[in-house]
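One structure below.
The values are calculated or read from the model by the stated rules, or taken from the named source; none is laboratory data. Since the structure is predicted, the reported quantities are computational estimates derived from the model, not experimental observations. With ideal geometry, Cβ positions are generated from the backbone for all residues, glycine too; neighbour counts draw on all protein chains shown. These accessible areas exclude ligands, DNA and RNA; they are computed on the full protein's heavy atoms, side chains included. Shrake-Rupley method; radii C 1.70, N 1.55, O 1.52, S 1.80 Å.
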Amino acid sequence: MTERSEPGGVGGRPSTGNTSEWQGKDLGSRTVTYDETRAILYALAVGADASDLDLVFEERLRVLPTFALTLAQWAPDALGSAGAFDVGTAVHGTQRLRVLQPLPRSGTVEMTARVAEVWDKGSAAVFDVAVESAYFSATWSIFAPGRGGFGGERGPSARRRPEADPSGELSVRTASNQAALYRLLGDRHHLHIDPEAAKTAGMPRPIMHGLCTLAAITLPLASSLGAHPADLRELEGRFAAPVFPGDELRVETWKDDGGTTLFEAAAADRTVISAALARFA
Ligand SMILES: C/C=C/C(=O)SCCNC(=O)CCNC(=O)[C@H](O)C(C)(C)COP(=O)(O)OP(=O)(O)OC[C@H]1O[C@@H](n2cnc3c(N)ncnc32)[C@H](O)[C@@H]1OP(=O)(O)O
C-alpha cells in the first residue's frame, strides 16, 4: 500500500475530554493504493491454502472482500490517536461489513470515515466508526473501558444466539504465527505481538486480531455453503472473548430465511465470536 495506516497503539495519546464530544466527529478521508502481492499476502494471513488458486495466484486472483477492512484500518486508529480512548486498553468489539462491489486485483480505494455513534455502557463506551467507499461500507465498534458514564444512550444489545439447534458445524484452526503475519497487513497494535502490551490490556499473552479471526472463518464457511469466499456480500460479528494464536475454533451455523448464515465461534469452553452473520452471493 502506498498509504500506510496509522498503527494503533503506537503514538496514541491518553483519552481526553467528555466522551460524548466525539459523537459525529469527522475522521476525514484517505486514499489507499494496493497491489496484487498485498491482496495475496492477506489471503494467506487469513488462512488461504496454496491450493486456493483464486486467492493466492495472481493469474486467477479474486480479492477477498474482507481485505477492504485492512485498507480501512486507518479510521479506528485515527480515532484512538486523536485521544477518544486509551489505545492500551480499548479492544475491537464488533465489526460489520457490507460489500458494494468487488475490489480490483490492485488499485486505489478512496474512503471517508466518521464517528457514527458513541454508546454509554456505564463502565465503558462503545465508539462506532463508520467507513464509506465505492466498494464497501463498514463499521468498527471499539469497546473502550473507562470511557462510559457520560450520560449517553446505552445503545443496542447484541442479537441473541438462535434457540434452534445449529444446522452445521465447522472447525477452524488458527496458526501460532497468524497474528504476527496478519499485523504486517496494517494493524500493528502492540497487543497482537508484545507480551507486555498484552498484559497491560489484561491478556495473558498476545491475542489474534478480531478481523483476522472473522475473515479466517469465512473461508471454510463459504466452502461449506458451496459459495466462493470472494462472493461474500455481508459480514458481521461481535468479538465476545479473545482468541489466542493457535486456538482451534468450533463454529456453529444456522441458516436464515433470507439466505444469510448466522454463526457463533467458540474456543475450548468460551464463545469468542457471537451474534455473527455472513451472506454470500
Ligand atoms: C485495538 C484492538 C484490536 C483488536 O483486534 S482486539 C481483538 C479482538 N477483540 C477482542 O478480542 C475482544 C474480546 N471481547 C472481550 O474481551 C469482551 O467481550 C469485552 C471486554 C469487549 C466486553 O466484555 P464485558 O466488559 O464483560 O462486557 P459485558 O459486561 O458483557 O457488556 C457490557 C455492555 O457492553 C456491550 N458489549 C459487550 N461486549 C461488546 C462487544 N464485543 N462489542 C460491542 N458491545 C459490547 C454489551 O452489550 C453490554 O451492553 P448492554 O448491556 O447495553 O447490552
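How large a share of the accessible area of the chain, in percent, is made up of carbon and sulfur atoms when the probe is 1.4 Å and the other protein chains stay in place?
47
What the phi angles of region 242-248 give under the Karplus curve with 6.51, -1.76 and 1.60, with θ = phi - 60°, is a coupling list of x, 10, 9, x, x, 4, 9 Hz, glycine and proline written as x. If a spin label sat at a point 7 angstrom from the Cα of Arg105 along the line to its beta carbon, the backbone N atoms of region 54-76 nearer than 15 Å would be those of 54-64. In order along region 220-228, phi translates into HN-Hα couplings of x, 5, 4, 4, 5, 9, x, 10, 9 Hz, rounded to whole numbers, per the Karplus curve 6.51 cos²θ - 1.76 cosθ + 1.60 with θ = phi - 60° and x for Gly and Pro. Across the options Phe85, Ala180, Phe244, the greatest Cα extent toward the positive end of the charge dipole of the chain (unit charges at beta carbon of Lys, Arg, Asp, Glu) belongs to Phe85. Solvent exposure of the chain amounts to 44 Å² per residue of accessible area, where only protein heavy atoms count and the probe is 1.4 Å.
Per 0.36 nm of contour for each residue apart, how much would the distance between Asn177 and Ser223 grow if the chain were fully extended, relative to their Cα-Cα spacing?
Working: separation 46, 0.36 × 46 = 16.56 nm, distance 2.37 nm.
Between Asn177 and Ser223, full extension yields an extra 14.2 nm.
Most tightly packed first, judged by the mean number of other beta-carbon atoms within 10 Å of their residues, the peptides 188-201, 168-181 read 188-201, 168-181. Summary of the geometry: region 244-281 and region 76-150, compared by the centres of their Cα atoms, lie 21 Å apart. Think of the chain as a dipole: +1 on every Lys or Arg Cβ, -1 on every Asp or Glu Cβ, centred on the Cα centre; then among Val32, Thr112, Ala43, Thr112 lies furthest on the positive end.
Once the mean of 1/r is taken over each pair of separate Cα atoms and inverted, the chain shows a Kirkwood hydrodynamic radius of 18.9 Å. With the charge dipole of region 19-280 set up from +1 on Lys and Arg Cβ and -1 on Asp and Glu Cβ about the Cα centre, the Cα lying farthest toward the positive end among the listed residues Ala265, Ala198, Thr213 is that of Ala198.
Using only side-chain charges placed at the Cβ, +1 for Lys and Arg and -1 for Asp and Glu, the dipole size of the chain relative to its Cα centre rounds to 420 debye. Stretched out straight at 0.36 nm per residue, the stretch from Asp35 to Asp231 would grow longer than its current Cα-Cα span by 68.6 nm.
Highest first, please rank the peptides 69-75, 59-65, 140-146 by the mean number of other Cβ atoms sitting within 10 Å of their residues. Could you put the intermediate results ahead of the total?
Numbers: 69-75: 26.1, 59-65: 18.7, 140-146: 21.3.
Final packing ranking: 69-75, 140-146, 59-65.
Sorting the Cα pairs of region 86-167 by distance into bins of 10 Å, from 0 upward, gives 16, 36, 27, 18, 2 percent per bin. Ranked from largest, the principal axis spans of the Cα set of region 114-214 equal 42, 41, 35 Å. From the alpha carbon centroid of region 28-48 to that of region 160-197 is 18 Å.
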